[in-house]
1. How much length is gained if the chain between residue 49 and residue 34 is pulled fully straight, taking 0.36 nm per residue apart and subtracting their Cα-Cα distance, in nm to one decimal?
2. Contact order normalised by length for the chain, with contacts defined as Cα pairs under 8 Å and 6 or more residues apart; what percent is it?
3. To the nearest 10 degrees, how steep is helix 298-312 against the longest Cα principal axis of the chain, on a 0 to 90 scale?
4. Could you tell me the calculated FRET efficiency between residue 97 and residue 42, based on Cβ-Cβ distance and R0 = 22 angstrom, to the nearest 0.05?
5. With springs connecting C-alpha atoms under 10 Å apart, model the chain as a Gaussian network and identify which of 152, 82, 224 has the largest mean-square fluctuation.
6. Just grab the label-to-label distance for residue 170 and residue 158, each label 7 Å out from Cα along the Cβ direction, in nm (one decimal).
7. Take the alpha-carbon centre of region 147-170, take the same for region 241-275, and report the distance between them in whole Å.
8. Pick from 90, 251, 298: which residue has the top mean-square fluctuation in a GNM of the chain where Cα pairs under 10 Å get a spring?
C-alpha cells in the first residue's frame with residue numbers, strides 16, 4: 001500500500017507523521033459533490049448506486065492529501081432496508097414514514113438480507129478498493145444500535161428523545177429486543193464490508209451521549225461491544241481495526257476502551273491529552289478538533305491543529321480527525337490548510 005499511516009497508527013506502530021481523515025470528508029462543502037448530487041436526483045440514489053458512491057468517496061482524495069478514504073453511504077441504510085420508509089425532508093434531514101414505538105411494532109421487525117437488501121454497499125466497497133489501488137486504506141462504517149434505534153423510534157431527528165427514552169424506561173425488554181436485532185444486523189453488515197475489502201471500520205454512536213451513565217452502558221455500549229466481538233478478520237486473515245465514536249462519550253472512555261476496540265473517536269469536549277492519560281496505550285485515539293474551527297482563518301486552523309497534536313504528545317496511536325463531521329458551508333481551502341498543517345506538525349513531532 002502506498003500510504004498505510006492510518007492503519008499503522010491504529011496498530012500503535014511508528015508513523016512518519018500524524019495521519020488524518022475527516023468525518024464527512026465527502027459531502028456538501030465540495031462543489032463537485034453538489035454537482036453530482038444534483039445529477040443523481042436524490043441522496044439515496046447516490047448511496048445506492050455503487051459507481052456514484054465510489055465517485056463521491058474519491059472526490060476529497062483528489063483535493064486533499066488524506067490518509068484514509070471512508071465509504072460514502074449513510075448510517076440509516078439498515079432501518080431503510082427494514083421497510084420503515086426512509087425519506088429526507090429539506091432543512092430537517094432524515095425521517096421515517098413508519099416509526100416503531102411499541103413492543104408490538106418492534107416484534108414485527110425482521111433483519112434485512114445483507115446480500116439482497118444491502119448488497120449495493122458491498123459492491124461500492126469492492127469498486128472503491130479497486131479504484132484506490134492501494135493509495136490509502138478504505139474505512140467502512142455503520143451506525144451503533146442505539147443511534148439507529150433513536151431514528152427508528154423518534155421517526156427523525158429530535159432534541160428531547162422523548163419517544164425512545166419513554167420506550168427505554170417503560171418497556172426495557174422491548175428496547176433490548178430492538179437493540180439486539182440491530183446489533184446482529186450491524187455485525188453482519190460490517191462483516192460484509194470487511195469481506196468486500198474495508199480495511200478498518202468505525203461505529204458511529206452519534207446519540208450515545210444523550211444517555212445517563214447507567215443507560216449508556218446498558219443500552220449503547222454493551223451492544224457495540226457485542227459487535228466488536230463479532231467482527232471477522234479480513235479475507236487475508238489480517239485483523240481489521242475497529243474505531244468506536246460516541247459523541248459526548250468523554251465520561252466513559254475507560255469503559256469504551258474495555259470493549260476490545262482498537263481506537264476511540266473523541267469529540268471536541270475533552271482534551272486529547274487527558275483522554276490519553278486516562279486510557280494509556282490500551283487503544284489508539286482519534287480526533288478531535290472542533291469542527292467549527294474550519295470557519296476560522298487558516299493560520300488559526302494551523303495553530304489549533306498543532307495544539308491538538310502537541311496535547312496528544314509524542315509516541316504512537318494518534319489519528320487526527322475532527323470531533324464530528326465537516327459542515328456544509330466550510331471553505332474547502334480551510335480543509336486543505338488543516339490537512340497540510342497536520343502533516344507538517346506531525347512530522348516535526350515524529351522526527
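1. Full-extension gain reported as 3.8 nm.
2. Relative contact order for the chain comes out at 22 percent.
3. So the helix axis and the longest Cα principal axis differ by about 80 degrees.
4. 0.90
5. Comparing 152, 82, 224 in the GNM, the peak value goes to 82.
6. Roughly 1.1 nm, to one decimal.
7. Between the Cα centres of region 147-170 and region 241-275 lies a distance of 23 Å.
8. Ranking 90, 251, 298 by mean-square fluctuation puts 90 first.
The numbers here are math on the coordinates, done by the rules we state, and not lab data. Computed from a predicted model, the values in this text were never measured in an experiment. Cβ atoms come from the backbone with ideal geometry, glycine included; neighbour counts cover every protein chain shown.
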